[in-house]
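*Asks:* Take this structure, written in structure tokens, and hold onto it; I'll ask about it next.
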Amino acid sequence: MSHSTIDQGAAWQALKQHAGEMRRIHLKTLFADSSERFRRYSRKAAGLTLDLSKQRWNEETLELLLALAREAQVPEAIEAMLQGERVNRSEDRPALHTALRLPADTSLRVDGEDLVPGVHATLDHMASMVDKLHAGQWRGATGKAIEDVVNLGVGGSDLGPLMVTRALVDFRVHPAHPIEVHFASTMDGSQLADYLSRFNPETTLFVLSSKSFTTVDTLSNARTAQEWLMSRLVSSRQANCGEEDSRVDESLVLRQHFIGVSANCEKMCDWGIAKANQLEFWEWVGGRYSLWGAIGLPIALVVGMDNFRELLAGAHVMDRHFQRAALEDNLPVLLALAGIWNVNFLDIRAHSILPYDGRLEYFASYLEQLEMESNGKSATHDGQVVDYSTCPVLWGELGPNAQHAFYQLLHQGTQSVECDFIAPLRRYDHVQDPDTRRHLKAQHRMTLANCFAQSRLLMLGDDAIADAAPRPAYKRYRGNQPSTTVLLDRLTPSTLGALIALYEHKVFVQATIWGINPFDQWGVELGKQIAGETEKILSTREGLERMDESSQGLIEALWLAEGEEK
């Protein structure tokens, strides 16, 4: 039986009517009418300050949005997710990435099982691997210590660890035996080809990260890595060894040069990953929510287990805030409601993520996946096609670089864009040389000046400029572009964990209001199936007649190019 969608409810209709009035009010007017917007619309938690004062809303807007959240039963949904109820309805399972960051002395029972001991057993297994690699005790098939670790993953098995290792570069550990961590995700092999041309196979270890252990992108890279190792570490010894010895060597290579991270232990074993080298995560953790567990092994290798546990602890602080804070003081809820207001009532369908810290160079890419794969849906839980917008289009770049790229569109383009500015308040406190520290701090202050100035200009437009002299149209700034600013006290493992959790929970709140499932991704499955069928046609040269005319032309162009190679 179908149910009415959220846009049919009283709260939505009240907001729709209210939006008609608010569209006529410029942000500069909202600021002129109140001297306390920052105090009213900013909140602090977990080392973060969330400033929503530059959103195009007022007290009535926020009250109506909070009523919408209550009508959508957001408080009940928060509790249901955190307690392990089956909120991922299409796959009939919980979504418990938050369980991966629960402290060891807590308990969470789901279907009669306490999940916490298993989570910490995996963390302990990770710690033993990290210790072994950092001590130079993990040796390859020829007895040499591992020096390079290559993470083979894609999507959540790549972007999360890649983003965090770059963000926490200042917390990189320096063990007795240095380890370099690298990432390869593209199925075309270009990243891997570069590594294989430079690395020593005797000292290279590969981490195969795939929830299902069936992801074509990752397994194609894994097979290439396997062949590279075998051709160099096994075939070179066959002249002096019998066939039986050669097979032993192959098993040794698999055992010493591969770690598997997956929810599918059986397929890891089938592939040849030794049981001792398998790290488990669970079906109740979505790939894009998985960096908190075994998928985070590359993070731990770079920053050490202590800092990795601080990352988890910071996220857990945000989890507790999300669970306990009243809606009107709840950072993820407020951030989510700002997005709902812009997308559904102000018709702003684009959202730009703009970090003002070079260490966050991959944060926009990470949020692109987190938000668009989670909430890029058009059907409700009970199968109704929605008649309202869901996830906006996200994109972003480091703010200082973006200023010289697409800020032209933000300031003078024809469409509105919501922007998130993200920056740490303090940096370079621990640089020892006083002159270098002074110069770096001055650069950081200049960066923050740009961050604050850009959001102000987006808000006020021409009114931000003291010179009131008439200007031609091509020099005018309309302003009235809404933005959010998230300030971190410092960028640390703890505050980064809280920042990521803030956006995870924002996604969940928005999905709850829209009535969609943020924990599945059926939209990517058909593409995989069609790609497999297409690859078969490419290889066998049979079945081309079943394809559309455009695809036939493209395939024939490839066949022609392959023929010319010969």
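The values are calculated or read from the model by the stated rules, or taken from the named source; none is laboratory data. Here the structure is a predicted model, which means the values were calculated and not measured. Here Cβ is always computed from backbone atoms with ideal geometry, including for glycine, and neighbour counts include all displayed protein chains. Only protein heavy atoms, including side chains, enter the accessible area calculation; ligands, DNA and RNA are left aside. Shrake-Rupley method; radii C 1.70, N 1.55, O 1.52, S 1.80 Å.
*Asks:* Going through Leu229, Leu152 one at a time, which residue ends up being within 27 Å of the chain's Cα centre (by Cα) and in contact (Cβ under 8 Å) with a residue 24 or more places away in the chain?
*Replies:* Leu152
*Asks:* What pairs come up if the first residue lies in the range 172-188 and is acidic (Asp, Glu), the second is in a strand (DSSP E or B) and open to solvent by less than 50 Å² (accessible area, probe 1.4 Å), and their beta carbons are under 7 Å apart, counting only those six or more places apart or on different chains?
*Replies:* Partner pairs satisfying both residue conditions: Glu180/Asp148.
*Asks:* Looking only at residues in the range 297-324 that are open to solvent by 30 Å² or more (accessible area, probe 1.4 Å) and of a type in the set (A, V, I, L, M, F, W, C), which one is farthest from Leu102 (Cα to Cα)?
*Replies:* Filtering first and then ranking leaves Val317.
*Asks:* Would you pick out the residues in the range 130-155 that are closer than 30 Å to Val524 by Cβ and either open to solvent by less than 10 Å² (accessible area, probe 1.4 Å) or of a type in the set (S, T, N, Q) (or both)?
*Replies:* Answer for the range 130-155, where residues must be closer than 30 Å to Val524 by Cβ and either open to solvent by less than 10 Å² (accessible area, probe 1.4 Å) or of a type in the set (S, T, N, Q) (or both): Val149, Val150, Asn151, Leu152, Gly153.
*Asks:* Out of the residues in the range 33-56 that are over 25 Å from Arg324 (Cα atoms) and surrounded by 11 or more Cβ atoms within 10 Å (Cβ to Cβ), which is modelled with the lowest pLDDT?
*Replies:* Step by step, filter the range 33-56, then rank; the result is Ser34.
*Asks:* A further question follows. Look at Asp148 and say whether it is in contact with an Asp or Glu (Cβ under 9 Å, 6 or more places away or on another chain) and among the charged types (D, E, K, R).
*Replies:* Yes; evaluated as a whole, the condition is true for this residue.
*Asks:* Of everything in the range 323-364, what is part of a strand (DSSP E or B) and of a type in the set (D, E, K, R)? Give them in sequence order.
*Replies:* Passing the criteria: none in range.
*Asks:* Then there is this: Being modelled with pLDDT of 90 or more and either open to solvent by 70 Å² or more (accessible area, probe 1.4 Å) or more than 33 Å from the chain's Cα centre (by Cα) (or both) is the filter here; which residues of the range 438-470 pass it?
*Replies:* The answer is Arg438, His439, Gln443, Arg445, Met446, Phe452, Arg456.
*Asks:* Now a separate question. Taking the stated definitions as given, is Val431 among the aliphatic types (A, V, I, L, M), modelled with pLDDT of 95 or more, touching a Lys or Arg at 6+ places or on another chain (Cβ under 9 Å) and surrounded by fewer than 17 Cβ atoms within 10 Å (Cβ to Cβ)?
*Replies:* No.
*Asks:* Pull out all pairs, ordered by first then second residue, where Cβ-Cβ is under 8 Å, the residues are six or more apart or on different chains, the first lies in the range 455-480 and is farther than 22 Å from Ser352 by Cβ, and the second is in a loop (DSSP other than H, G, I, E, B) and open to solvent by 30 Å² or more (accessible area, probe 1.4 Å).
*Replies:* Once the first residue is farther than 22 Å from Ser352 by Cβ and sits in the range 455-480, its partners that are in a loop (DSSP other than H, G, I, E, B) and open to solvent by 30 Å² or more (accessible area, probe 1.4 Å) give Ile465/Tyr477.
*Asks:* Restricting attention to the range 528-566, and to residues there that are open to solvent by less than 70 Å² (accessible area, probe 1.4 Å) and of a type in the set (Gly, Ala, Ser), which single residue is farthest from Ser212 (Cα to Cα)?
*Replies:* Looking at residues that are open to solvent by less than 70 Å² (accessible area, probe 1.4 Å) and of a type in the set (Gly, Ala, Ser), I get Gly563.
*Asks:* If you go through the range 156-195 one residue at a time, how many are of a type outside the set (A, V, I, L, M, F, W, C), touching a strand residue (DSSP E or B) at 6+ places or on another chain (Cβ under 7 Å), assigned to a loop (DSSP other than H, G, I, E, B) and buried (at least 17 other Cβ atoms within 10 Å of the Cβ)?
*Replies:* 1
*Asks:* Answer yes or no: is there a residue in the range 97-114 that is part of a loop (DSSP other than H, G, I, E, B) and open to solvent by less than 20 Å² (accessible area, probe 1.4 Å).
*Replies:* yes
*Asks:* Any chance the range 9-29 includes a residue that's open to solvent by 80 Å² or more (accessible area, probe 1.4 Å), without any contact (Cβ under 8 Å) to a residue 24 or more places away in the chain and within 29 Å of the chain's Cα centre (by Cα)?
*Replies:* No, the range 9-29 has no match at all.
*Asks:* Turning to a different aspect of this structure: Does Val417 meet the test of being out of contact with any strand residue (DSSP E or B) (no Cβ under 6 Å at 6 or more places or on another chain), within 22 Å of Ser365 (Cβ to Cβ) and open to solvent by less than 20 Å² (accessible area, probe 1.4 Å)?
*Replies:* The answer is no for Val417.
*Asks:* Let me ask something else. Return the residue satisfying two criteria in turn: it lies in the range 356-379 and is more than 16 Å from Gly155 (Cβ to Cβ) and charged (D, E, K, R), and of such residues it is most open to solvent (accessible area, probe 1.4 Å).
*Replies:* The qualifying residue most open to solvent (accessible area, probe 1.4 Å) is Glu361.
*Asks:* Can you tell me which residue in the range 471-490 is farthest from Tyr41 (Cα to Cα), limited to those that are part of a loop (DSSP other than H, G, I, E, B) and open to solvent by 10 Å² or more (accessible area, probe 1.4 Å)?
*Replies:* Pro472
*Asks:* Residue under question is Val207, and the condition is that it be in contact with a Pro (Cβ under 8 Å, 6 or more places away or on another chain), crowded, with 23+ Cβ neighbours inside 10 Å, β-branched (Val, Ile, Thr) and touching a residue at least 12 places away in the same chain (Cβ under 8 Å); does it hold?
*Replies:* yes
*Asks:* How many of the residues in the range 510-566 are over 21 Å from the mean Cα position of the chain (by Cα) and not in a helix (DSSP H, G or I)?
*Replies:* Of the residues in the range 510-566, 7 are over 21 Å from the mean Cα position of the chain (by Cα) and not in a helix (DSSP H, G or I).
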